[in-house]
Structures are given as C-alpha cells and as structure tokens.
Amino acid sequence: MSDISLQITIKEENGILFKRCVRKLLESTFILRDRDEKLYSFAARESNRQDISEYLRMIGFDLLVDEKTGVSMLIASEEDEETVGLKRANVITFSTLQYHLLLVLWKVYLENLGYHEGNFVTKGDLIDKIKAYGIIPMKQELNAAFKLFKKYSLINYNEDENGEDMKIQLYPSLQFGWDIPQFQTVAEEYLKQDEEKEEDQAEEMQPIDPDAYEEDEI
C-alpha cells in the first residue's frame, strides 16, 4: 500500500462551502441540484470536484457527479473498492419492504417526468400503488421508510403534514439507491406479478366461441 499524501488548497472564501459539501456527502450520500442548488453548483464545478474527490479518497471514498440528473454522490473510491472493511462502508441495507417501496417510487418518478415542474406524489396515491402489488405496509413501517429515504435525499416531504393528501417530492437520486442483487430479486417479483395480472386479464377478456356450444333441440 502506497503512502497517503494530500495536497489541496482551498481558498478562504470557499472553505465553508467545501466543508458543507463534504459533511453533506458523508451524512446523506447525495447532494441534489433540486434540493441544495448552491452546494450542488459548488461540488459540480470541476476544480472543486477534484479537491473534494482528493479529500474523500483519503478515507476510501470519491465524488461522482451526474450532470444530466443533477446528482452528486458519494461512492467508494476505485482503489479501495476491494479493501476489506471499506467495501460496504457507505452502503445502507434496506429491508425487503423498503426495496418494494423504492421500486414503486422510482416507477412513479418515471411516470411523472415532464408533466410538472417538480415530481410529486400524494401519500394516498402512493399507498394505493403499493397495495396494487399485494403489499399492505403497516403505518409504522411506512413512516420509518419515509424518514430513511428523506435522510438520504431520495425523497422530501413536510413532516408537519399528515394524511393521504401529504405531498412527497421524488428526486432523481432514487435511481442510484439500489443494491443490485437485491434490486434484481425485487424487480423479478414485480415482473412476475405483472405477468400474472396480464394473464388473468387475458382470460377474463377471452371472447366466447359460439361453435363451442350446441343449441338444445326443441
């Protein structure tokens, strides 16, 4: 393993923003243009991006900026991806229910793209979509999932609001919140359920063949 050397110079006027960006990334993984435009703009600037990356690589992380979606995110540095004890240091293990909810949220996000200035869904509509897949979430489980997703900048909502009309803002960071093997398992369950629904609908809509029935003789 090579020696660790850090050589960066942060201008005094940028010191606070630099510290806020690093702390935000370590705390919640993402900095979003839609939520923290000032921090995102700072982190996305090439010179600042290099300084933040170099600083984070000291502890096994790196910064990735997706300008198309407006998402900057904390990732494991390439040189430390296989290092024992660091590989999963910034990976949160979601429950199966939380992964089901993430998949529904991402599906709603895609459906809403281009229709509104922001991407929102009401709590009531979201619950209906979850139930459509045969999942009945408990209130406590749902609230815990919302709080966790908000902490990691996947969604946002006003915690003072409640009820089915509560608006939930969906962020593009939803697409980066997956552990691939578990995502594939959950996605396969959804695909299987969709196929079963289509088969049931096809059977219900199957036309009656008149030749299959014989008229009674009088």
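The values are calculated or read from the model by the stated rules, or taken from the named source; none is laboratory data. Everything numeric in this text was worked out from a predicted model, so none of it was measured. Glycine also receives a Cβ, built like all others from the backbone with ideal geometry; neighbour counts cover every protein chain displayed. Accessible surface areas use protein heavy atoms only, side chains included; no ligands, DNA or RNA. Shrake-Rupley method; radii C 1.70, N 1.55, O 1.52, S 1.80 Å.
Per-structure values
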| item | result |
| --- | --- |
| Residue-normalised accessible area of region 1-65, expressed per residue, 1.4 Å probe, Å² | 65 |
| Neighbour cut-off at most 15 other Cβ (10 Å), DSSP loop, chymotrypsin sites (Phe, Trp or Tyr not before Pro), region 91-121 | TYR115 |
| Region 123-177 - percent of accessible surface contributed by carbon and sulfur, probe 1.4 Å | 44 |
